[in-house]
Ligand code: SF4
């Protein structure tokens, strides 16, 4: 019984939205989820945010895809049109699974054999399970026969991972979120956790109540600012200036932890020389933070018994995202604030399984567990393990794949066919008009999803898949916890589990896999992935997950409880030490000018997740936030004689959107903020596809726009 309602069954799972990884129970009545309860999981202790508690009924939405669909002959791919349900039958016809799979895989096979393995690419999903991610990348590597496989980690923390692998030898977090309870100071930078990681934010707010000093560093002053000891509202794009000023202060004022640096870090002298030019007094006019505040924060950070840094995409989504994170690593290291409780580095992972999908190898330069495809020993091991020849060159990343789809016919690496599983690049990629044109230009696009997304609308064949509550599998949260979700429902109509679809495509690409067992062999896939990841999850067997539901890695043996805090004695780098990498100021790729005087910052909001395909079909969430809105500072609105509710047109060099206006004085003067979840005002029509050279992440947090009164939303 749940409240006054008697339910048929209660099924334990994991919230499918953000990387916090709250454990939940689905309450099921008459094959419908009627409510969701928070479980006492290690990340949430029973807490849930509005998405976790109320965002479940998208699974029962009448727009769920229930039949395989094939594009009708001669119907053009209109990359400027919304996927309106009333038009579906004009564009697609229903097909049997046999016909759809044969068509999907047959054309992929033809392109591979006719134009070579590099003519194909695959986008997997950070919203699926670890097993799906592992099997999908294995399909691309062994069936497509190239490393052209990526997913939306490229769009969120690729630069963080690049800097962390280079600096500390591991792309994951060093300490879990709720370790903030043990910190004396917590710096939250480029992150809006009350909207994007709401339950994680509750740990921060609780810590603040208990005396922890919160430093919020962000161009936008968000809700966590109400709980902060200091708010550093730095000018957009000046992260390196501000962070180098903090490091400068620590070293200049003799606050560096010299023994920690001596024993555990390399390249300190180069860092020291580099930050000499970055005094707080010199950087204050650049970053907009008074020198006194910069010195005060640097001193408090260095002197704290424990100081922890958590960051989000405000740090990573810049052309200097990797440099931003190099500075965070340097700040933690020179102050010795890493390797103990209440310290460390925590990139707050966005989607529910972006950590796990990356761990499982859904990235073009790495096999599972971040083993480089161009390392001869690793390459040999995987050829033996999978029993086939493998490509030894890194594949293309998300944005590069879009460019390659529009390459000249003579380019031997032109992408001609794609398989997209559970991602929506026609909404999430930068410079959408270009990205949609690229998708529409493909000779063959296979999309596997639960709804007719904007990407599916451009497909040649659409394969109806399962929603998270309809399958059993594991996901890994931002704290490095592998967590088990159990199937609560059967997929609607002829929709199928994703693992089944991947295996059917693989079979038709000529692969002979055999994953026997319940739920499409999920346990066998997990156990194979466990071997491929070597030590990382070697102590987390499928059988153990049935018992414990949630186990943290690294976990070396069945009796290892897992290691929530790492780097206590050494770092997993070649010499066991941190590699400090100095960073200098690199400006954004597109600065405001007379024609485009405002800065556009894109991001998320509390109620809607990513491209909105699930949350905008969740009744309660859609009722709270039904409309796309742009946020501007009250002073800017006054000077432009604009009022809340007015319609504005935001125009960049790449496109324009008309959108309702909302006042938010936390948005800095000279900037406009737009969430990217709304098709009708797609923020990514405006964004710039310029890339960070190391992480290959686009600059979603900064481009130049003009704001005009009026428009038709
Ligand atoms: Fe789900 Fe994240 Fe909210 Fe937890 S904080 S309920 S994981 S969306």
message = Looking at the structure I just gave you, is residue 46 in a loop (DSSP other than H, G, I, E, B), within 14 Å of the ligand (Cβ to nearest atom), in contact with a strand residue (DSSP E or B) (Cβ under 6 Å, 6 or more places away or on another chain) and farther than 20 Å from residue 126 by Cβ?
response = yes
request  = Determine which single condition residue 610 fails, assuming it passes every other condition in (1) away from the ligand (no atom under 16 Å from the Cβ); (2) closer than 26 Å to residue 237 by Cβ; (3) part of a loop (DSSP other than H, G, I, E, B).
outcome  = (1)
key: Among (1) surrounded by fewer than 21 Cβ atoms within 10 Å (Cβ to Cβ); (2) modelled with pLDDT under 95; (3) within 24 Å of residue 386 (Cβ to Cβ) - the single one residue 536 does not satisfy   = (1)
query = Does the range 439-485 hold any residues that are touching a strand residue (DSSP E or B) at 6+ places or on another chain (Cβ under 6 Å), within 16 Å of the ligand (Cβ to nearest atom) and either outside any strand (DSSP E or B) or more than 21 Å from residue 19 (Cβ to Cβ) (or both), and which are they?
reply = 469, 480
note = Considering the range 62-77, residues that are under 28 Å from the mean Cα position of the chain (by Cα) and surrounded by fewer than 17 Cβ atoms within 10 Å (Cβ to Cβ), and then whichever is farthest from the ligand (Cβ to nearest atom), we arrive at 66
ask   = So how many residues does the range 93-130 have that are assigned to a helix (DSSP H, G or I), over 22 Å from residue 398 (Cα atoms) and touching a residue at least 24 places away in the same chain (Cβ under 8 Å)?
value = 7
remark   = How many residues of the range 336-353 are more than 16 Å from the ligand (Cβ to nearest atom) and not in a loop (DSSP other than H, G, I, E, B)? The answer is 2
query = Applying the selection to the range 657-690, what residues are under 20 Å from residue 438 (Cα atoms) and over 25 Å from the mean Cα position of the chain (by Cα)?
reply = none
inquiry  = Tell me the residue from 584, 636, 593, 622 that is surrounded by fewer than 19 Cβ atoms within 10 Å (Cβ to Cβ), touching a strand residue (DSSP E or B) at 6+ places or on another chain (Cβ under 9 Å) and modelled with pLDDT of 95 or more, please.
reply    = 593
ask   = Any residue in the range 685-699 that is at pLDDT 95 or above and assigned to a helix (DSSP H, G or I)?
value = yes
ask   = Considering the range 450-466 alone, what residues qualify as being surrounded by fewer than 24 Cβ atoms within 10 Å (Cβ to Cβ) and over 14 Å from residue 679 (Cβ atoms)?
value = 460
Residues located in the range 3-28, provided they are closer than 16 Å to residue 479 by Cβ and either in a loop (DSSP other than H, G, I, E, B) or more than 13 Å from the ligand (Cβ to nearest atom) (or both) = 15, 17, 19, 20, 21, 22
task = Mind listing just one residue for me: the one in the range 29-43 that is away from the ligand (no atom under 14 Å from the Cβ) and in a loop (DSSP other than H, G, I, E, B) and, of those, surrounded by the most Cβ atoms within 10 Å (Cβ to Cβ)?
result = 31
Single match in 94, 102, 81 (criterion: in contact with a strand residue (DSSP E or B) (Cβ under 8 Å, 6 or more places away or on another chain), more than 16 Å from the ligand (Cβ to nearest atom) and at negative phi) = 94
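The values are calculated or read from the model by the stated rules, or taken from the named source; none is laboratory data. It should be emphasised that the depicted structure is a prediction, and the values quoted were computed from it without experimental measurement. No Cβ is skipped: glycine too gets one built from the backbone with ideal geometry, and neighbour counts run over all protein chains shown.
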